[in-house]
There are 2 protein chains.
Amino acid sequence: MISAMAATLGPNAGLVGKPGSRFALDTPALLLERDALDRNIAVMAAHALAAGVALRPHAKTHKSLRIAERQIAAGALGICCATLGEAEVMVAGGVPGVHITSPQVTPAKIARLAALNAASHRGLSVVVDHPANLAALDLAAQQAERPIDVLVDFSAGQGRTGCADEADLTALVRAAVAASGVAFRGIQSYSGNLQHIPDRAERRAKALAQLERLRGIVRRLGEAGIKVPIVSGAGTGTFDIDPESRVLTELQVGSYVFMDVQYHQALADGRNAPPFETALFVATSVVSINATGYVTTDGGLKCFATDGPLPEVASGAPPGSRYEFFGDEHGKLVLPTGALRPALGATIECVTPHCDPTVNLHDFYHVVRGDTLVDIWPVEARGKR
Amino acid sequence: MISAMAATLGPNAGLVGKPGSRFALDTPALLLERDALDRNIAVMAAHALAAGVALRPHAKTHKSLRIAERQIAAGALGICCATLGEAEVMVAGGVPGVHITSPQVTPAKIARLAALNAASHRGLSVVVDHPANLAALDLAAQQAERPIDVLVDFSAGQGRTGCADEADLTALVRAAVAASGVAFRGIQSYSGNLQHIPDRAERRAKALAQLERLRGIVRRLGEAGIKVPIVSGAGTGTFDIDPESRVLTELQVGSYVFMDVQYHQALADGRNAPPFETALFVATSVVSINATGYVTTDGGLKCFATDGPLPEVASGAPPGSRYEFFGDEHGKLVLPTGALRPALGATIECVTPHCDPTVNLHDFYHVVRGDTLVDIWPVEARGKR
């Protein structure tokens, strides 16, 4: 009863190319507006070119080979991954310049990393933030007789991963330079804690202060004879602030491809409109209409991330309607007083609250142009650790 | 580089059967203690038998054929599913008595439902809560020349799905009885809004009041000559309250198989200990130790649900350590003052905050007995809509 096509591309595989199919999808369904995606990729590519900085966009956002390929085609020199499993997918798909932005520490992960490094021929690197982890990577590289490229991770004030201060960072850089198995390629400094500061002036001041500190460190390393070819960092929230510092050689921006409620709130500040368009939605359907003042949809917390703001209603409901969570499988669409109730089965599209973990709940991008489903792209790296 | 076995059962497939493998897992990894699972299944089966009520446990919690099979083997007459996609997995796996607890409304879903119904030979039913949906199901059943079993859904005070009041419910029951394509099988009434009320006396009073109302409705239907063979409802939070009402013929309990932080908080009230054991954990690893007062793990909001309480540390960290979210891929393990810091790479096991959506973030159960990984069960229905 489940065809092979449905098993690989889901229950909407038969709708590709049919006019109006956007509003006939089996729901909940992750929707991607292809033209908006491509415009976002082009805007960021033009920005980076003008700013004289390279792009290594973050695939933790999209986890998709098709989107990575579009970013590479627009000039990105590689792709960042948050997990080793994402990197395995990207390398297997032929994506060049894959960089893993989180330390890979356990023996299980280091064994997989060494295997991936042996299979990779288009560039692979990983961060390291501790001498013990550096020693373990160095040993694995020596045993595999193949160097592992490393960036030394700097905490950048967030304190999630990375060396805590300049002394530790410098010591680890020196150890990486001296090691025979690993190859020192540069420094990573990602200020994840600054990306969503709502006031642009405050965000800018904090980001530039952090980068000024980093610039001093890189300069002092240079004075000590240590070249730092790559300085990687930045995010969508600071994409046009970080290049001012002239220290980053590449930007790890991720969410700009889709935008979400969270980034709209941050990037709208101090501008007429954010420079990127909303390209990602979740299509849901009205499944129950027996209550007064609201209807129930089939979009719950198994299809929207719950760590950020609420999803926002984009289309299909009266203006002023707002979404609330209504359990694992359902959403509550609260209607404005006196509004006409959407019909049973009506399609309601919502803007995703926080795009990265929302994508992680879906197996497929339903790629649309206008009202037509034009393609289905699997989320190949979903759930890959 | 990725073997076929790893592709189907993940990166830990090679560890099955090896002593100590529980603490050598590639992480983050969903852990299931098999003996605790089996004891929970046995305790609930014994309870239902003693209470004279049947069990149709909810697979929305586990999404797993192996666990459904264990529940059936312990005497359950079937399995509930929240989505049609879950039901497709259960039917394809040969699970009997599959009941879908959410209305299936859109043309896409009704077409899939009719196809599944045609393929099913061990029992399939679905709820309905609106005359238009009943008519659509009736038409589909007639066109397929195969009856669709329906339970009429009653809102039970939650207002998520279901008929809002007795008049609507009775009218829909009468329409279902009269319809030629669908077969009326009974009533569903699930009070999801009562399951986590922390005070047991309050939870009991509200649950019994709701069920008393339902009992009146069922009695009046009987007086009007309409038999209601199935009355389905209940959850883990009211598992030992609902049978008092003598109206439910079966319990849709789900979370009891695993337990989680949320249900421990609810069920611990007024007892010496909850009657079910924690069987589900997420194993994470320490990946960064450069900060003072905490370490960073590889368990973030892509491996723990964020809609409920925080995960709780179960083992691997000093007593008094607590977990905080630290972004998509990372957790912050805050240590008590003066505590010894866990080593880089150490395994930290955490109790899941809300089990259903946490399971939905994982592809595999890593089944353990003591310190040994004894099996890997895929989460077959993860993400299935």
**Request:** With springs only between Cα atoms under 10 Å apart, run a GNM on chain B and tell me which of B:Val150, B:Val128, B:Val286 wobbles the most.
**Result:** B:Val286
**Complete:** SASA check, B:Ile72, accessible area w/ 1.4 Å probe, all protein chains in place, rounded to nearest 10 Å², comes out at 40
**Request:** Have a look at segment A:331-371 and report residues whose accessible surface goes down by 30 Å² or more when the remaining protein chains are included, against the chain on its own, probe 1.4 Å, ligands and DNA/RNA excluded.
**Result:** A:Leu344, A:Pro357, A:Asn360, A:Leu361, A:Asp363
**Asked** Once amide H atoms are built 1.01 Å from N in the peptide plane, which residues 5 or more positions from A:Ser125, or in another chain, come under 5 Å H to H?
**Response** A:Val98, A:His99, A:Ile100
**Message:** For the full complex of protein chains and a 1.4 angstrom probe, list B:Thr278, B:Thr8 by accessible area with the highest value first.
**Reply:** B:Thr8, B:Thr278
**Message:** Please list, in order along segment B:370-385, the HN-Hα scalar couplings obtained from phi with the Karplus expression 6.51 cos²θ - 1.76 cosθ + 1.60 (θ = phi - 60°), rounded to whole Hz, x for Gly and Pro.
**Reply:** x, 9, 10, 6, 9, 6, 10, 10, x, 8, 4, 9, 4, x, 7, 9
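For the protein assembly as shown, what does the accessible surface come to per residue with a 1.4 Å probe? Please give it in Å². Write down the numbers at each step before the final one.
Numbers: 26590 Å² over 770 residues.
On a per-residue basis, the protein assembly as shown sits at 35 Å².
What fraction of the DSSP beta bridges in the protein assembly as shown is antiparallel, stated in percent and rounded to the nearest 5? Intermediate values should be presented prior to the final figure.
Working: 56 of 116 bridges.
Antiparallel: roughly 50 percent of the beta bridges in the protein assembly as shown.
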**Request:** Measure off, as a whole percent, the carbon and sulfur share of the 1.4 Å-probe accessible area of the protein assembly as shown, all protein chains present.
**Result:** 54
**Fill in**
Most fluctuating of B:Asp307, B:Asp242, B:Asp298 in the GNM of chain B (C-alpha, under 10 Å) is B:Asp307
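Given axes a ≥ b ≥ c from the Cα gyration tensor, I'd like to know whether segment A:70-196 is rounded (a/c under 1.5), prolate (a/b larger than b/c) or oblate.
Details: a/c = 1.77, a/b = 1.09, b/c = 1.62.
Cα axes put segment A:70-196 in the oblate bin.
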**Residue of chain B whose Cβ sits closest to the axis mapping B onto A, with distance in whole Å** = B:Thr306, 2
**Asked** When the scattering of segment B:215-282 is computed by the Debye formula from its Cα atoms alone, each counted once and equally, what is log10 I(q)/I(0) at q = 0.18, 0.26 Å⁻¹?
**Response** -0.72, -1.12
**Prompt:** Which cross-chain or sequence-distant (5 or more) residues have an amide H under 5 Å from the amide H of A:Thr297, H modelled 1.01 Å from N in plane?
**Reply:** A:Val287, A:Gly331, A:Lys332, A:Leu333
**Asked** If the label for A:Pro229 sits 7 angstrom from Cα along the Cα-to-Cβ line, what are its distances to the same label in every other copy, in nm to one decimal, shortest first?
**Response** 7.3
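Cα gyration tensor of chain B, axes a ≥ b ≥ c as square roots of the eigenvalues: rounded (a/c below 1.5), prolate (a/b > b/c) or oblate?
Taking the square roots of the gyration eigenvalues as a ≥ b ≥ c, chain B is prolate.
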**Request:** Note the buried accessible area between A and B here, summed over both chains, with a 1.4 Å probe, in Å² to the nearest 100.
**Result:** 5000
**Message:** Shape verdict for segment B:119-164, please, from the Cα gyration tensor: rounded (a/c under 1.5), prolate (a/b greater than b/c) or oblate.
**Reply:** oblate
**Under 5 Å, built H, 5+ apart or other chain: amide partners of B:Leu31** = B:Phe281, B:Val282, B:Ala283, B:His366
**Request:** Under 14 Å from the Cβ of B:Asn290, count the other residues' Cβ atoms, weight Lys and Arg +1, Asp and Glu -1, and hand me the total.
**Result:** -2
**Fill in**
Taking only the alpha-carbon atoms of segment B:13-71, the convex hull volume per residue, in cubic angstrom, is 104
**Prompt:** Considering only A:Gly299, A:Ala73, A:Leu32, whose Cα is most displaced toward the positive end of the charge dipole of the protein assembly as shown, charges sitting on Cβ of Lys, Arg (+1) and Asp, Glu (-1)?
**Reply:** A:Ala73
**Message:** List the residues of segment A:150-170 for which accessible area in the full set of protein chains is at least 10 Å² lower than for the chain on its own; 1.4 Å probe, protein heavy atoms only.
**Reply:** A:Gln158, A:Gly159, A:Arg160, A:Thr161, A:Gly162, A:Ala164
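At 20 °C and a viscosity of 1.002 mPa s, what translational diffusion coefficient does Stokes-Einstein give for the protein assembly as shown, taking Rh as the Kirkwood radius over Cα pairs? Give it in µm²/s as a whole number.
79
Could you compute Rg(Cα) / (2.2 N^0.38 Å) for segment B:284-385, with N its residue count? Don't skip to the end; give the middle numbers.
On the way: Rg = 14.2 Å, N = 102, 2.2 N^0.38 = 12.8 Å.
So segment B:284-385 has a normalised radius of gyration of 1.12.
Taking the DSSP beta bridges in chain B as the whole, what percent of them are antiparallel, to the nearest 5?
Numbers: 28 of 58 bridges.
Looking only at bridges with both residues in chain B, the antiparallel portion is about 50 percent.
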**Request:** Kindly flag which residue pairs out of A:Lys60/B:Lys302; A:Lys60/B:Lys384; B:Lys63/B:Lys384; A:Lys60/A:Lys206; A:Lys302/B:Lys206; A:Lys63/B:Lys332 have an alpha-carbon separation exceeding 20 Å in this structure.
**Result:** A:Lys60/B:Lys384; A:Lys60/A:Lys206; A:Lys302/B:Lys206; A:Lys63/B:Lys332
**Complete:** Protection proxy (average C-beta count within 10 Å per residue), highest first, orders B:166-177, A:104-115 as A:104-115, B:166-177
**Prompt:** With Rg and the Kirkwood Rh both taken from Cα atoms, where does Rg over Rh land for segment B:158-291?
**Reply:** 1.13
**Item:** For chain A, built as a Gaussian network whose Cα springs stay under 10 Å, the top-fluctuating residue of A:Asn360, A:Asn193, A:Asn40
**Value:** A:Asn193
**Asked** What gaps in nm, shortest first, separate B:Arg122 from its twins in the other copies when you place the label 7 Å past Cα toward the beta carbon?
**Response** 4.5
**Average other protein chain Cβ within 10 Å of Cβ, residues A:15-22** = 0
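The values are calculated or read from the model by the stated rules, or taken from the named source; none is laboratory data. Since the model is a prediction, treat every value here as computed from it, not as a measurement. Using ideal geometry, Cβ is built from the backbone for each residue, glycine included, and neighbour counts are taken over all protein chains shown. What goes into the accessible areas is simple: the full protein's heavy atoms, side chains included, and nothing from ligands, DNA or RNA. Shrake-Rupley method; radii C 1.70, N 1.55, O 1.52, S 1.80 Å.
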